[in-house]
Amino acid sequence: MKKRTNVGRPALIGTAVVTLAALGLAGCSAAGSPDADQVAQPAASAAAGQCGSVPDLGANDPDGLLKEFSPETAAAYNAYPLPIKKSVWADWKSEKDGKYTAAIVGMPPASAFVNVMLDTVRKELAAADVEIVADLAPDDPTNVPLQLQQFSQAVALKPDIIFFIPLAGEPSVDAVKAAGEAGIPVVSMQSIVDSEYAVSVTGNSVLQAMNVGAGTLSAIGGKGNVLRVTGIPGISNELYAEEGFQNVLELCPDVSVAGEVTGFFEATTAQTATLQYLATNPAGVDGVLQSGTMGLGVLNAFHESGLEAPPIADIGATQGFASWAAQNADYPYVGSTTPTVRQSQVAVDIGLRILKGEGPKINQFVNNPFVVDRSNLKDLVDPAWKTTDSMDLAGDPEMFFPDEVLKEYFNNPSS
């Protein structure tokens, strides 16, 4: 097992003032599978430690808490950047027996992803007869101080639970602790918080980049040059993608990074940036490692340049790219999915389980990235989809924390 070398990275990540969820991007790491055999592993044919394989970097589990989990569930924590801690709520139960109240501290509805996520949380809470006493969001996805002020306002209302999408993880730690000390559990959706007072519900973005990156490097035969298409410099999911891609590139000495363009996690921006790169590099590249949700834009750039599309790591896959790949049977497609609605449903389910005293064992609920490749692509693509469709590829939503896996995370799971 390779020794982890990302000590200190969580602090750097936590200082970011924007998260991908605010841009409709955070969901790209959240789909998962309860069983390694059910996940399409594009690098499965590569021997361990060889180019095209996914390195085993272990979990950041200083207290050995993951030993209680099945090997399949624990595998989701490979290279996860934050330490796993025992949850403060492991032996806690609300004094109430139903008729709960909740506060939502989210993000500006600046994207379809955020809208869907928050609307689903509201609907799920209403269906569970939970009263929403506050529904707050800052005016701008960079306004961390305002969000923290709103979080304090929510705590002052003394809800039974808070559902939170933090703009930045590290600045939120003290606020989450204050809520916990007031007896209010916090469920952090998508963005992760390094606190035993919160239960973060997310996917492993580092492992996601490792899975999809390894598949892409395998598709080019472990040789050649690749283009890096990055998102927003310095923010959490970009740093996670960088770390994941670097981990698999270290196993590929015959692959070099020929260039880098910034797409800001916007497909059209990535398309323009890639076109500009190809205009000065007409020979193209052998592969592309893009950090998330920009795959369709990158694909279109190659088409517009009159070049054959190389293997592109389609993290945060779209229906359009998947549809095009399904129509081109010789294209070595590798991507990952985003089950936005299911994510929100699971977050509410977890919150209600905490209130009922089921006792979360740990503070980080992490699901295995769900990878789409040639083994399952046709099963997931609707023939009616258009190749221009930028909608997220949901994949199989039920693979995100199915009930039998979710029960592993609780001391007293309901039947």
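The values are calculated or read from the model by the stated rules, or taken from the named source; none is laboratory data. Please read all numbers here as calculations on a predicted model, not as lab measurements. Methodologically, a virtual Cβ is constructed for each residue, glycine included, from the backbone with ideal geometry; neighbour enumeration extends over all protein chains shown. Side chains are part of the model used for accessible areas, which takes the heavy atoms of the whole protein and leaves out ligands, DNA and RNA. Shrake-Rupley method; radii C 1.70, N 1.55, O 1.52, S 1.80 Å.
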Of all residues in the stretch 128-169 being aromatic (Phe, Trp, Tyr) and in a strand (DSSP E or B), the one that is farthest from the chain's Cα centre (by Cα): Phe163
Can you name every residue in the stretch 303-322 that is in a loop (DSSP other than H, G, I, E, B) and of a type in the set (Val, Ile, Thr)? Ile315
Taking the stated definitions as given, is Ser200 touching a strand residue (DSSP E or B) at 6+ places or on another chain (Cβ under 6 Å) and over 22 Å from Val372 (Cβ atoms)? yes
Can you name every residue in the stretch 72-114 that is without any contact (Cβ under 8 Å) to a residue 24 or more places away in the chain and open to solvent by 60 Å² or more (accessible area, probe 1.4 Å)? Glu95, Asp97
Quick check: is even one residue across the stretch 187-203 part of a helix (DSSP H, G or I) and either of a type in the set (Gly, Ala, Ser) or without any contact (Cβ under 8 Å) to a residue 24 or more places away in the chain (or both)? no
Answer residue from the stretch 357-415, given it is open to solvent by 60 Å² or more (accessible area, probe 1.4 Å) and in a helix (DSSP H, G or I) and is nearest to Pro81 (Cα to Cα) among those: Lys407
Residue in the stretch 152-163 that is crowded, with 24+ Cβ neighbours inside 10 Å, out of contact with any Pro (no Cβ under 9 Å at 6 or more places or on another chain) and either of a type in the set (A, V, I, L, M) or touching a residue at least 60 places away in the same chain (Cβ under 8 Å) (or both) present: yes
Could we say that Pro360 is within 13 Å of the chain's Cα centre (by Cα) and farther than 15 Å from Ser390 by Cα here? no
Filtering the stretch 259-281 for residues that are under 14 Å from Asn225 (Cα atoms), out of contact with any Lys or Arg (no Cβ under 9 Å at 6 or more places or on another chain) and open to solvent by 50 Å² or more (accessible area, probe 1.4 Å) leaves a count of 1
Using beta carbons and a limit of 7 Å, which pairs, at least six apart or on different chains, have the first residue in the stretch 212-230 and touching a residue at least 24 places away in the same chain (Cβ under 8 Å) and the second one among the polar types (S, T, N, Q) and open to solvent by 10 Å² or more (accessible area, probe 1.4 Å)? Asn225/Ser256; Thr230/Thr262
Just to be sure before I move on: is Ala198 open to solvent by 10 Å² or more (accessible area, probe 1.4 Å), within 30 Å of Trp92 (Cβ to Cβ), of a type outside the set (Asp, Glu) and at pLDDT 95 or above in the structure I sent? no
Out of everything in the stretch 291-335 that is out of contact with any strand residue (DSSP E or B) (no Cβ under 9 Å at 6 or more places or on another chain) and of a type in the set (Ser, Thr, Tyr), what residue ends up being nearest to Leu380 (Cα to Cα)? Ser323
Looking only at the stretch 234-254, count how many residues are more than 26 Å from Gln319 (Cα to Cα), out of contact with any helix residue (DSSP H, G or I) (no Cβ under 6 Å at 6 or more places or on another chain) and of a type outside the set (Asp, Glu). 5
Show the residue pairs meeting these rules: Cβ distance below 8 Å; 6+ apart or different chains; first residue within the stretch 389-415 and within 18 Å of Arg353 (Cβ to Cβ); second residue in a helix (DSSP H, G or I) and of a type in the set (S, T, N, Q). Phe400/Gln343; Val405/Thr73; Glu408/Thr73
Filter result (among the hydroxyl-bearing types (Ser, Thr, Tyr) and in contact with a Gly (Cβ under 7 Å, 6 or more places away or on another chain)) within the stretch 258-273: Thr268, Thr269
For the stretch 207-229, does any single residue satisfy the condition of being modelled with pLDDT under 95, under 18 Å from the mean Cα position of the chain (by Cα) and outside any helix (DSSP H, G or I)? no
